[in-house]
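Asks: Got a structure for you, questions after.
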Amino acid sequence: MKKIIFPAITFVSFIACTNTALSYGNVTSISLAAEDISSNDTIINFENYEVDKLPNGFTQTATGKQQTLNWKVLNDNGNKAVAQLAKNKGNYFNLLVLEQSSYENFTMSVRIKAVAGNEDRGGGLVWRYIDNNNYYIARCNPLEKNFRFYRVVNGNRKQLKSVNTNIGTSGEWFTMTIEMNGNKISCSLNENKMIEATDETYTKAGRVGLWSKADAQSYFDDLSVKIINE
């Protein structure tokens, strides 16, 4: 079921945006200007996007040696979502980046359904994204039964926090929420705060996106970014 979007929240649609083709494995975002930093909330539920196509306003890319990029909108029992469908291998991160705006301090959430994956499963959120080799990740892996927070620097991923969880193991939708405020990060599953951390690696605004690893085929829906105003 879709979340209700209340009138007080600004709905930002990217249907009219052109998805720019970017070189594989290179920087996927231009330098950020002050006017690129969003001061508006963003809600995307994919209902107006075309099935079997990459959603406009997003760029698919990856961290790791080139394999397959296969993000597309699909119909999941009458509900549209965006899916990562590639079956990749190894330490390879599938990324779908929202290119229209960058965000500094915010609360971001998305619904996720882990559909398949033998090597890896599930997925998560990316934020303060500079390019496809530099960003933060929080991800939930139903195979490992854990929820983890990482940073990626120059393509190298380092785990910062990890907790055990059974969320996502049934293949049902669950909600991941990230709050980023200054250097403070909190990560929640189904509204239960499970990870808190501080980190100074990425101190400025960056783009946001979706993430999975290797052969983790996952669906994502109801992406929301709400600005924190000091």
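The values are calculated or read from the model by the stated rules, or taken from the named source; none is laboratory data. Please read these numbers as outputs of a predicted model, since none were measured by experiment. FYI the Cβ positions are ideal-geometry reconstructions off the backbone, even for glycines, and counts take in every protein chain you see. For accessibility, only protein heavy atoms count, side chains too; no ligands or nucleic acids. Shrake-Rupley method; radii C 1.70, N 1.55, O 1.52, S 1.80 Å.
Asks: When you scan the range 174-230, how many residues do you find that are among the aromatic types (Phe, Trp, Tyr) and over 18 Å from GLY123 (Cβ atoms)?
Replies: Of the residues in the range 174-230, 1 are among the aromatic types (Phe, Trp, Tyr) and over 18 Å from GLY123 (Cβ atoms).
Asks: Among (1) in contact with a Leu (Cβ under 9 Å, 6 or more places away or on another chain); (2) open to solvent by 20 Å² or more (accessible area, probe 1.4 Å); (3) not in a loop (DSSP other than H, G, I, E, B), which single condition is LEU54 missing?
Replies: Exception for LEU54: condition (3).
Asks: ASN183 - would you say it is touching a Ser or Thr at 6+ places or on another chain (Cβ under 6 Å), farther than 24 Å from ALA86 by Cβ and open to solvent by 10 Å² or more (accessible area, probe 1.4 Å)?
Replies: Here the answer is yes, as ASN183 does meet what is asked.
Asks: Also: Filtering the range 203-216 down to residues that are assigned to a loop (DSSP other than H, G, I, E, B) and open to solvent by 10 Å² or more (accessible area, probe 1.4 Å), which residue is nearest to VAL82 (Cα to Cα)?
Replies: Residue satisfying both the conditions and the ranking: ASP215.
Asks: Would you point out the residue of the range 89-143, among those that are among the polar types (S, T, N, Q), under 19 Å from ALA62 (Cβ atoms) and not in a loop (DSSP other than H, G, I, E, B), that is most open to solvent (accessible area, probe 1.4 Å)?
Replies: ASN134
Asks: State all residues of the range 167-211 that are in contact with a Pro (Cβ under 6 Å, 6 or more places away or on another chain) and on the phi > 0 side of the Ramachandran plot; if no residue qualifies, say none. Show your work before the answer.
Replies: Pass one, the range 167-211, residues in contact with a Pro (Cβ under 6 Å, 6 or more places away or on another chain): 168-169.
Answer for the range 167-211, where residues must be in contact with a Pro (Cβ under 6 Å, 6 or more places away or on another chain) and on the phi > 0 side of the Ramachandran plot: just GLY168.
Asks: Another question, if that's okay. Anything in the range 157-169 that is open to solvent by 30 Å² or more (accessible area, probe 1.4 Å) and touching a strand residue (DSSP E or B) at 6+ places or on another chain (Cβ under 9 Å)? List them, or say none.
Replies: The answer is ARG157, LYS158, GLN159, LEU160, LYS161, SER162, VAL163, ASN164, ILE167, THR169.
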